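The values are calculated or read from the model by the stated rules, or taken from the named source; none is laboratory data. Being a predicted model, the structure only gives us computed values, none of them experimental. With ideal geometry, Cβ positions are generated from the backbone for all residues, glycine too; neighbour counts draw on all protein chains shown. Calculation scope for accessible area: heavy atoms of the full protein, side chains included, ligands and nucleic acids excluded. Shrake-Rupley method; radii C 1.70, N 1.55, O 1.52, S 1.80 Å.
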Amino acid sequence: MVIRSFKDRRPRLLAPSRILRPPVRQVGGGREREELVDEARASIAKGSKSFALASRLFDRPTREKAWLLYAWCRRCDDIADGQEFGWRTNDEELAEHYIQALRILTRRALDGQPTADPAFDAFGQVALEARLTEQMANDVIAGFELDAEGWRPRTEGDLMRYCYHVAGAVGVMMANVMGVPDDDESMLDRACDLGLAFQLANIARDMSEDDAAGRCYLPVEWLVEADIPPGEHMKPKHREELVVLVSRLVDLAEQHETAARFGAAQLPFRQRWAVLSAANIYLAIARKVRARGVKAWDHRVTVSLLEKLGAVFRALSQAFSRPREPDEWPRWTRGEILVAVRMEGPIAPIPMTPLPDEES
């Protein structure tokens with residue numbers, strides 16, 4: 001009897017490795033840039049009239065990149081909130097699947113692979129043009145993940161970490177879109193400040209809508225200090241205390257807005273004008289909420305077209321003057337928030353690159 005020995009039992013490739021090639025990189029998923037810009041313009045026109053108006057003040061290259069970035073942010077938000085597919089926002093298991101889908105589609109877009117979704121293909125396009133990274137994108141997606149998990153801030157630091165994920169990280173991306181160098185930490189800090197201010201203003205305005213969706217972004221420690229039981233902050237009997245807490249939110253927003261205005265003075269004129277216009281519009285919303293007091297959430301606070309135009313013209317005047325350095329900088333810095341963000345994130349993989357003395 002002949003016994004045959006098989007020296008190599010490894011599975012064989014169906015095709016020789018020498019003819020296998022990595023997929024061809026297709027910027028924008030293979031779509032024409034003009035098509036992506038048109039889709040993105042329609043997205044911002046529908047999703048945010050305030051940002052659409054302010055973005056018109058940018059020069060054309062910056063404006064188009066801003067639209068492409070907005071389209072991705074808007075699409076991620078709609079998918080994470082279940083607005084695209086009709087699932088309930090309290091279905092945490094399904095929400096987790098969609099958050100994972102956001103990461104996969106974003107990674108494909110960054111790799112230059114088609115995603116079958118214009119908004120993600122748009123992100124691949126702007127990421128290449130503006131040097132946006134997967135880490136930047138994951139910082140934003142982490143905010144949607146917190147909402148999907150039913151997360152609540154316990155401390156003011158938790159609140160600021162959430163605001164960073166949802167808007168501060170987008171502000172840093174916008175700085176890249178506007179051509180701010182990657183190593184200009186001061187300008188990136190100011191861009192983050194503007195995003196933080198916008199999100200704090202949003203939280204102040206949307207208190208009632210968030211409560212209806214089972215969400216509350218007021219820190220538990222704030223509620224305890226005000227003697228408001230968790231989940232009852234929108235009840236009429238606590239309205240006076242709520243006004244005080246929301247005023248505290250708006251104060252935080254104004255501190256970060258002031259810092260952002262100081263940084264905006266370093267931008268080219270048209271970019272400076274657009275940024276100051278957006279700041280005027282968004283902080284006008286926050287100040288209206290504070291001024292209305294206990295009636296702030298009887299009706300959604302809005303800024304009329306005439307008021308927005310007034311904000312744009314004020315920004316034009318502000319763009320010609322140099323703002324004074326803030327007397328007091330915000331308590332929460334981008335660096336401090338990033339430490340908290342990285343501490344809460346997954347442990348980074350051990351680098352596999354050889355040490356210098358191991359290289360041959």
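Here is how the numbers come out for the structure above:
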item: Criterion violated by Gly310 - all others in (1) out of contact with any helix residue (DSSP H, G or I) (no Cβ under 8 Å at 6 or more places or on another chain); (2) more than 17 Å from Asn202 (Cα to Cα); (3) exposed (fewer than 13 other Cβ atoms within 10 Å of the Cβ) satisfied; result: (3)
item: Members of the stretch 232-246 that are over 19 Å from Tyr162 (Cα atoms), in contact (Cβ under 8 Å) with a residue 24 or more places away in the chain and of a type outside the set (D, E, K, R); result: His233, Met234, Leu242, Val243
item: Long-range neighbours under 9 Å by Cβ, at least six apart or interchain, first residue of a type in the set (Gly, Ala, Ser) within the stretch 315-336, second modelled with pLDDT under 90; result: none
item: Yes/no for Leu132 being touching a Cys at 6+ places or on another chain (Cβ under 7 Å), of a type outside the set (S, T, N, Q) and either within 19 Å of Val170 (Cα to Cα) or modelled with pLDDT of 85 or more (or both); result: no
item: Residues of the stretch 256-286 that turn out to be surrounded by fewer than 20 Cβ atoms within 10 Å (Cβ to Cβ) and among the polar types (S, T, N, Q), as a count; result: 1
item: Filtered residues of the stretch 55-90 (kept if farther than 12 Å from Ala122 by Cβ, modelled with pLDDT of 90 or more and more than 17 Å from the chain's Cα centre (by Cα)); result: Arg56, Leu57, Phe58, Asp59, Arg60, Pro61, Thr62, Arg63
item: Helices (runs of 4 or more DSSP H) within the stretch 183-298 that include 3 or more residues closer than 23 Å to Pro330 by Cβ and more than 23 Å from the chain's Cα centre (by Cα); result: 220-225, 239-264, 269-292
item: Search result, residues across the stretch 101-158 that are open to solvent by 60 Å² or more (accessible area, probe 1.4 Å) and touching a Leu at 6+ places or on another chain (Cβ under 7 Å); result: Glu134
item: Flag for Leu249 being of a type outside the set (Val, Ile, Thr), crowded, with 19+ Cβ neighbours inside 10 Å and touching a Phe, Trp or Tyr at 6+ places or on another chain (Cβ under 6 Å); result: no
item: Condition met for Arg215 (modelled with pLDDT under 95 and basic (Lys, Arg)); result: yes
item: Residue in the stretch 329-340 that is open to solvent by 30 Å² or more (accessible area, probe 1.4 Å), among the acidic types (Asp, Glu), outside any loop (DSSP other than H, G, I, E, B) and under 22 Å from Gly168 (Cβ atoms) present; result: yes
item: Meets criteria (open to solvent by 50 Å² or more (accessible area, probe 1.4 Å) and more than 19 Å from the chain's Cα centre (by Cα)) for Ser304; result: yes
